[in-house]
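Asker: Below is a structure I'd like to ask you about.
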Amino acid sequence: MGAHQVKPDVTTRTLPKCVISLACVLAIALLAACATPSAQPPGEAAGAAAATSSDLPGDISPSVTVEDPAADERGVADRLDQLVPSLLEEHNVPGAAVSLVLDGKVAWSAGYGLADRALGVPVTADTVFQVASVSKAVTAWGVMRLVERGLLNLDAPVERYLTRWHLPASDYDASGVTIRRLLSHTAGLSVGGFPGYPPDQTLPSLEESLSGNNRGAGVVRIAMEPGAQWSYSGGGYILLQLIVEEVTGETFSRYMQREVLEPLGMTHSSFEWRADLRPATAIAYSSAGSPLPNYLFTEQAAAGLYTTAPDLALLVAAAMPGTGGEPAGRGVLSPDTLTLMLTPAVQLSDQGEAWGLGYILLALTDGSVRIGHGGSNAGWQAFSAAVPDWGEGLVVLTNSENGTSVIEDVLSAVVDQLGHGTP
């Protein structure tokens, strides 16, 4: 990255114990709830519709895709085939999709349960889910690609790139708001998350959302001294979305499709709910088991990605070298850029948690680092993680607000099956 590869701007803040006690990077789906009084992670919808309890009807046996599974793959597949259907029933979760990365490649994917309870449509490996704040890790790839090309400077004031909207005047120095700090949630910006918009509602423009026309999330503004501490901000990521559009002259979704998703082979993924993805998209369900609207997002960079488990696993795998000599970054980003993204920009605690550029990081006892991101929107819970030094990763997607319990148990089972002990 040459002149653009600068030393991390390290900030330290100790988080509440509720965050530290959560398993691995699954904590990220709940970080905003612990860090701010108003609650939910970016993309979490407030005021989900009231619902009545419902049992899981129909067949919840797995729909599985396996390519020459080795012993580890088959062991995980067999264990999850036994475990996941019972977890779905226990936690009133209609469906889930799982993908496993081994040796730096997507090794195995499976669908369990139902994408649509009313019609009895099963989840398969090709079922599309909304992945909420996992979108931020993908967004970081797109932003860092522009840094590599010299179109963005990690440490320049973001106002340098803005013409369509500007940060409101505040008591703080706006020159401290930089790309690096937006990516690492240290820019001091407000708005933890966004509720999304009912599908029959006209979406506000990006500038309107930033200015507070966003169903109650609030105006994106400088709420604390930039660089002084960590504070989770979906608002910072939609500012990144605007910056991408400003410097490329195209929509964020089109840029991400061409520069990140398509090169990685993520052909069933989009930051827009495209017509060709809709027939394969699962129905979202409340914690009580009732279907929810598919909330849409102007704030795509923070919460709007639609994808499948195998597609998201391609991104997970791309963060590490492949067994065929493929470099980390897979040509979308350089290995040096990935190293920078996975270097702590801010320490979250004295127990190994940190934040890089787009990823939460957890130092493990063997010296390796677990990377990842979680997500929680109304009716959706998502999780992705990897340990690049091991060549291993995991994606779990669910179509229910109860999905966290399923994700935790799947993570524990996979870690145990692969011989890594407690996650």
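Asker: Residue by residue through the stretch 243-273, note down the ones that are in contact with a helix residue (DSSP H, G or I) (Cβ under 8 Å, 6 or more places away or on another chain) and polar (S, T, N, Q).
Answerer: Thr248, Thr251, Ser253, Thr267, Ser269, Ser270
Asker: Does the stretch 248-256 include one or more residues that are in contact with a strand residue (DSSP E or B) (Cβ under 9 Å, 6 or more places away or on another chain), among the small types (Gly, Ala, Ser) and in a loop (DSSP other than H, G, I, E, B)?
Answerer: No - not one qualifying residue is present in the stretch 248-256.
Asker: I would also like to ask the following. Ala137: more than 27 Å from Gly325 (Cα to Cα) and among the hydrophobic types (A, V, I, L, M, F, W, C), yes or no?
Answerer: Here the answer is no, as Ala137 does not meet what is asked.
Asker: Return the residues of the stretch 127-152 that are surrounded by 17 or more Cβ atoms within 10 Å (Cβ to Cβ) and in a loop (DSSP other than H, G, I, E, B); say none if nothing qualifies.
Answerer: Thr127, Val131, Ala132, Ser133, Leu152
Asker: When you go through Gln417, Gln381 one by one, which is the residue that is within 20 Å of Leu314 (Cα to Cα) and either surrounded by fewer than 22 Cβ atoms within 10 Å (Cβ to Cβ) or in contact with a helix residue (DSSP H, G or I) (Cβ under 8 Å, 6 or more places away or on another chain) (or both)?
Answerer: Gln381
Asker: Within the stretch 284-341, can you find the residues that are part of a helix (DSSP H, G or I) and farther than 20 Å from Val395 by Cβ?
Answerer: Pro335, Asp336, Thr337, Thr339, Leu340
Asker: Please tell me if Val244 is closer than 14 Å to Leu206 by Cβ, touching a Phe, Trp or Tyr at 6+ places or on another chain (Cβ under 7 Å) and buried (at least 23 other Cβ atoms within 10 Å of the Cβ).
Answerer: Judged against the criteria, Val244 is a match.
Asker: When the stretch 288-302 is examined, which residues are found to be of a type outside the set (S, T, N, Q) and in contact with a helix residue (DSSP H, G or I) (Cβ under 8 Å, 6 or more places away or on another chain)?
Answerer: Phe297, Glu299, Ala301, Ala302
Asker: Then there is this: Go through the stretch 205-239 residue by residue and tally those that are assigned to a helix (DSSP H, G or I) and either touching a strand residue (DSSP E or B) at 6+ places or on another chain (Cβ under 6 Å) or buried (at least 24 other Cβ atoms within 10 Å of the Cβ) (or both).
Answerer: Matching residues across the stretch 205-239 total 8.
Asker: If the Cβ limit is 8 Å and pairs must be 6+ apart or interchain, which residue in the stretch 344-356 that is at positive phi pairs with which residue that is outside any strand (DSSP E or B) and not acidic (Asp, Glu)?
Answerer: Gly352/Leu364
Asker: Residue check: is Glu250 closer than 22 Å to Gly150 by Cβ, touching a Leu at 6+ places or on another chain (Cβ under 8 Å) and either modelled with pLDDT under 95 or surrounded by fewer than 19 Cβ atoms within 10 Å (Cβ to Cβ) (or both)?
Answerer: It is false that Glu250 is closer than 22 Å to Gly150 by Cβ, touching a Leu at 6+ places or on another chain (Cβ under 8 Å) and either modelled with pLDDT under 95 or surrounded by fewer than 19 Cβ atoms within 10 Å (Cβ to Cβ) (or both).
The values are calculated or read from the model by the stated rules, or taken from the named source; none is laboratory data. Everything numeric in this text was worked out from a predicted model, so none of it was measured. We place every Cβ from the backbone using ideal geometry, glycine too, and count neighbours over all the protein chains shown.
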